[in-house]
1. Grab the DSSP H runs of the chain that are 4 residues or longer, score each as -39,500 (n - 2.57), total them, divide by all residues and round the 222 nm result to the nearest 500 deg cm²/dmol.
2. Only bridges whose two residues both fall in the chain count here: according to DSSP, what percent of them are antiparallel, nearest 5?
3. Using θ = phi - 60° and the Karplus relation 6.51 cos²θ - 1.76 cosθ + 1.60, list the HN-Hα couplings for segment 223-235 in order, rounded to whole Hz, with x at every Gly or Pro.
4. Say R0 is 25 Å: what FRET efficiency, to the nearest 0.05, do THR30 and LEU290 get from their beta-carbon distance?
5. Using unit Cβ charges (K, R positive; D, E negative) and no other charged atoms, how large, in debye to the nearest 20, is the dipole of the chain about its Cα centre?
6. Amide H of TYR4 versus every other amide H placed in the peptide plane: which residues, excluding those fewer than 5 positions away on the same chain, fall under 5 Å?
7. Out of residues 5 or more away from LEU133 or on other chains, whose amide H comes under 5 Å of its own, with H placed 1.01 Å from N in the peptide plane?
8. Considering only Cα-Cα distances, which of the following residue pairs are longer than 31 Å: LYS35/LYS266; LYS123/LYS257; LYS123/LYS169; LYS96/LYS257; LYS18/LYS257?
Amino acid sequence: MMAYPWHQAHFESLLERKQRLPHALLMRGTQGIGKLAFAEALGRALLCERPDAGGRACGRCTACGWMEQGSHPDFRRLEPEALAEPREAEQESDKKPSQEIKVEQVRAIAGFINVTSHRGGAKVVLIHPAEALNINAANALLKNLEEPPPRTTFLLVAHRWHQLLPTVKSRCQHVALPPPPAGMAQDWLGQQGLREPGLALAQAGGAPLLAVRFDEEYWRERGQFLKAIAGPEFDALGVAERMRDQEPALLLGWLQKWSFDLAFSKVTGAVRYNPDFAPTIAAVAAGLDLLETLRFHRYMVRMQRSVSHPLNARLFLEQLLLTYSALLNRRFEPLAA
Ligand SMILES: [Zn+2]
């Protein structure tokens, strides 16, 4: 895996000072733009035993082979259980895999950090996403960042980097990775076989790696949902019933993008996320109050924080759609924050 084409210049400028890199780097930027691939490529370049003149991994040496197989003894990856490879135990247990990086995981790499490397070269710890470190895990990591072990590089990847502990943030050198220019992203999506790269990129808010995941089913279900909430005879409880098997987070995401577009359309006449519904959005927006629409959108953003574990998915959805219905009827009052 290499860094994506839109990050090549950033990648090369880091490789130019490969021998003088700080012991902790924080790759930060929005989700779905290729930060993880960037950090992985950097990890490979640091561990490769026969890098090319530009410092890039050769892809052929023993170290590169191990990285390919995920078995390099001088490389560790810290990520939430939920992101790791599916485990056999999963089927036997009802327990949901953790979304956090736990303190035990950080402690478990202590031995790795404190011994010399197997290959006599660098050691690399990749932490992804770093905002998943819970408070105890972050504090445990901090000790390593404060007293860096020799020749060990920490590569942190974060989408919501502002959520990191200030002390962790301040001990890393930040590498701010931008989203790709739209034209470049669309070309890349076209190469991946997408029929409507422009629409997919808009729907993903400019993040090509999110855009590439939308499949036929996604577009069909999103279309059904948007048609249901755009119609003049919108029925909140009826839609909640029809959508009862859908992921609450997905529905909330659609409604959040929709409400952004309603407000954006009122102000600018354009939409950002749903260009295929632009005329419908303009028509719905015409009947709305701008301030209420903005407040509703902010309410959707707040709801994102509780959506990963709604106690009752059906109630959550009903509340969401009833609130939207209140917006349409111009009696929206945000519930307690
Ligand atoms: Zn190599």
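Read-outs: derived from the displayed coordinates by stated rules, not from any lab. The shown structure was predicted, so the numbers you read here are calculated from the model rather than taken from an experiment. Methodologically, a virtual Cβ is constructed for each residue, glycine included, from the backbone with ideal geometry; neighbour enumeration extends over all protein chains shown.
1. On the way: 16 runs with 160 residues, N = 337.
Calculated at 222 nm, the ellipticity per residue is -14000 deg cm²/dmol.
2. 0 percent
3. Per-residue couplings from phi come out as x, 4, 5, 5, 5, 5, 8, 8, x, x, 9, 3, 10 Hz.
4. Working: r = 26 Å, r/R0 = 1.05.
Working from the Cβ atoms, E equals 0.45.
5. 1100 debye
6. Close amide H contacts, sequence-distant or interchain: PHE38.
7. Close amide H contacts, sequence-distant or interchain: ILE101.
8. Violating the 31 Å limit, Cα to Cα: LYS35/LYS266; LYS123/LYS257; LYS18/LYS257.
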